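Report on one structure; see the data block that follows.
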Amino acid sequence: MTWRLILLAATMPVDPAALERLPAVRIVYYDVHGRHYREIDSDQHRRGPVDPADGRRYDAFTRLRIRWRWPIGRDGRCDRRHPDVIYRITVTLPRLHDRDAVSPLLLRRWDRRVMRLRVHEAGHVGLDLAYVRHVTQALRRSTCTPTDPVAAALGDQLNARTRAYDRITDHGRRQERWHGTDI
């Protein structure tokens, strides 16, 4: 299911604890197995999602799918004022398969690790929502062609900003380094 653009959500920082409540965001989990830290860590690196941009596995991953079209007005021409922007953001996170099999100390450590991943991925969601907002604004000034050059340039900017975000934060390991949320 996809959702129509919600401009209010695109202008606010994203609360990592509220990702599930955002209407255009879907959380999917992959199971991680193990009873000891090294087993869990190894399994997580083996099962983590693959980034299609570089083919590498990561502990978590956020993917934006977006498409748009323009309605046709009564005059038979494209209505640039009301682009129809449809998007879905999918966040993939790890889930400890058998939480009862690990010590309480390891479970607290795991929960902190997942929360750090949620914080980092919420940053990606914020970038994606800002991109959707910018694309919608650009499409209102566009040429009504499916491969609008302004929207394509914004996509390039989002990719560059996403790479910079991961580089600056070291994929969430140094999240405190990030201070921007918009493109």
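Residue by residue, here is whether (1) at pLDDT below 85; (2) in a helix (DSSP H, G or I) holds:
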site: Val119; (1), (2): no, yes
site: Ala130; (1), (2): no, yes
site: Arg141; (1), (2): yes, no
site: Leu158; (1), (2): yes, yes
site: Thr181; (1), (2): yes, no
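Considering only residues that are in a loop (DSSP other than H, G, I, E, B) and in contact (Cβ under 8 Å) with a residue 40 or more places away in the chain, look in region 97-117 and name the one that is nearest to Asp43 (Cα to Cα). Looking at the filtered set, the residue picked out is His97.
In this structure, Arg113 qualifies as open to solvent by 20 Å² or more (accessible area, probe 1.4 Å) and either at pLDDT below 95 or out of contact with any strand residue (DSSP E or B) (no Cβ under 8 Å at 6 or more places or on another chain) (or both).
Looking at the structure I just gave you, is Arg177 in contact (Cβ under 8 Å) with a residue 40 or more places away in the chain and open to solvent by 40 Å² or more (accessible area, probe 1.4 Å)? No; evaluated as a whole, the condition is false for this residue.
Residues that are within 30 Å of Arg118 (Cβ to Cβ) and of a type in the set (Gly, Ala, Ser) were ranked within region 39-82; the one that is nearest to the chain's Cα centre (by Cα) is Ala60.
The values are calculated or read from the model by the stated rules, or taken from the named source; none is laboratory data. On a predicted model such as this, the values are computed, not experimentally measured, just so you know. Cβ sites come from the backbone with ideal geometry, for glycine too, and all protein chains shown count toward neighbours. The accessibility values were calculated without ligands, DNA or RNA, using every heavy atom of the protein model including side chains. Shrake-Rupley method; radii C 1.70, N 1.55, O 1.52, S 1.80 Å.
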